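Written out below as structure tokens is the structure these notes cover.
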Amino acid sequence: MDLRRDAMDQLEVLNPVASVAINKSSLARRLKTLENKRIALYWTGKPGGDIALGRIRELLEHRFKNVEFELIRSGTPGPKKTVEYAATFQGVIGGFGD
């Protein structure tokens, strides 16, 4: 049995992880108050998200005067038309998890 290695033997190792592009963005400017504002409640359709956003709505309605809420059902980021509509609100609260 010959245990010598030929100088031509090679081992190629591949990394199975794809390269990832990281896009940095800044957070939206925060509102000082929700009083007299229109706020979109953006729901992706995940189970229970509508219930959580409904509860958030209830709590905020008791805390702020003249705040209006509207539930928007869409994926993220959603169709251009939906994103443009959400941009007409003064604030957006998103529900994105299970």
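The values are calculated or read from the model by the stated rules, or taken from the named source; none is laboratory data. Nothing here was measured: the structure is a model prediction, and the numbers come from that model. Note that each Cβ is placed from the backbone with ideal geometry, even for glycine, and that neighbours are counted across all protein chains shown. For the accessible areas, the whole protein counts, side chains as well, though only heavy atoms, and no ligand, DNA or RNA atoms are used. Shrake-Rupley method; radii C 1.70, N 1.55, O 1.52, S 1.80 Å.
Tabulated data
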{"item": "Gain on full stretching of the segment that runs from Arg30 to Leu71 - 0.36 nm per residue minus C-alpha separation", "result": "12.8 nm"}
{"item": "Whole-Hz ³J(HN,Hα) from phi, Karplus 6.51 cos²θ - 1.76 cosθ + 1.60, for the stretch 17-31, glycine and proline x", "result": "8, 6, 6, 10, 8, 10, 9, 8, 9, 9, 6, 5, 4, 7, 7"}
{"item": "All lysines inside 18 Å of Lys32 as judged from Cα atoms, apart from same-chain residues fewer than 8 positions distant", "result": "Lys65"}
{"item": "Reach of Lys80 by Cα under 22 Å, taken over lysines that are not fewer than 8 positions away in the same chain", "result": "Lys24, Lys46"}
{"item": "Computed [θ] at 222 nm, helices only, for the chain once each DSSP H run of length n ≥ 4 contributes -39500 (n - 2.57)", "result": "-7000 deg cm²/dmol"}
{"item": "Rounded percent of accessible protein surface that carbon and sulfur make up, the chain, 1.4 Å probe", "result": "54"}
{"item": "Solvent exposure of the chain as accessible area per residue, Å², 1.4 Å probe", "result": "89"}
{"item": "Coil-residue trypsin sites (Lys or Arg not before Pro) of the stretch 4-94, DSSP, other Cβ within 10 Å capped at 11", "result": "Arg4, Arg5, Lys24, Arg29, Arg30, Lys32, Lys65"}
{"item": "Mean separation of Cα contacts under 8 Å (6+ apart) over length of the chain, as relative contact order %", "result": "38"}
